Amino acid sequence: MPRMIFVNLPVADVARSTAFYEAIGFEKNAQFSNEQASSMMWSDAIVVMLLARPFFSTFTPKQIADAKTTTSGLFALSFDSKADVDAITDAATAAGGREPHGPEDMGFMYSRAFEDLDGHGWGPFWMDPAAAEAGPPEHQPIVEA
């Protein structure tokens, strides 16, 4: 089996969250989805599992954070162009998500941010391939979206 990452997110409404993620380009894997969970494929190696809060709570004894008031993680997604970054962010806000701040353009890197229906934060970004290979410029701090 190839190395993969599964990001598990607690959500208030699985069906509504599934529709949101489909609207921004994720594909639902019906084989691993039901009324308690949706398996949303970003790529062959990256899957976001949308888990109903009561189901999510069966995986941890800890209190589940309310992502609308507490940040417990920010998830970055790379894109091939600035236009792709804009497209997913615009799709997210059109589907009911929220954009917490405007675009950040550093020349070599461009990013935006959006939150899903439950407040989970996503940072789509584009980086110039030559800049990515060279590493961050000495005068620029590394900034997360």
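Data for the structure
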quantity	calculated
Hz values of 3J(HN,Hα) by residue in segment 58-68 - Karplus curve (6.51, -1.76, 1.60), Gly and Pro given as x	6, 9, 8, x, 6, 5, 8, 5, 8, 5, 7
Computed accessible area, L74, all protein chains, 1.4 angstrom probe, square angstrom	110
Net lengthening on full extension, N34/A19 (0.36 nm per residue, minus Cα-Cα)	4.0 nm
In degrees, nearest ten, helix 14-23 long axis to first principal axis of the chain (Cα)	30
The chain, helix-only ellipticity at 222 nm - DSSP H runs n ≥ 4, -39,500 (n - 2.57), divided by all residues, nearest 500	-6000 deg cm²/dmol
Debye intensity ratio in log₁₀ form over the Cα atoms of segment 26-87, taken at each q of 0.23 Å⁻¹	-1.11
Considering only segment 2-89, percent of DSSP beta bridges that pair antiparallel, nearest 5	50
Helix 82-94 vs. the chain, principal-axis angle (Cα, 0 to 90°, nearest 10)	30
Alpha-carbon Rg with Dmax, taken over the chain, Å	16.1, 49
Percent RCO, i.e. relative contact order, over segment 30-141, from Cα pairs under 8 Å lying at least 6 residues apart	21
Segment 113-121 - phi-based ³J(HN,Hα) in whole Hz, Karplus 6.51/-1.76/1.60, Gly and Pro as x	8, 8, 10, 6, 4, 9, x, 5, x
Carbon plus sulfur fraction of accessible area for segment 26-145, probe 1.4 Å, in percent	53
Label point 7 Å beyond Cα of H101 along Cβ direction - residues of segment 54-71 with amide nitrogen under 15 Å	71
Solvent-accessible area per residue for the chain (1.4 angstrom probe, square angstrom)	59
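The values are calculated or read from the model by the stated rules, or taken from the named source; none is laboratory data. This one's a predicted model, so the numbers in the text were calculated from it and none came from an experiment. Reconstructed Cβ throughout: ideal geometry from the backbone, glycine too, with neighbour counts over all protein chains shown. What goes into the accessible areas is simple: the full protein's heavy atoms, side chains included, and nothing from ligands, DNA or RNA. Shrake-Rupley method; radii C 1.70, N 1.55, O 1.52, S 1.80 Å.
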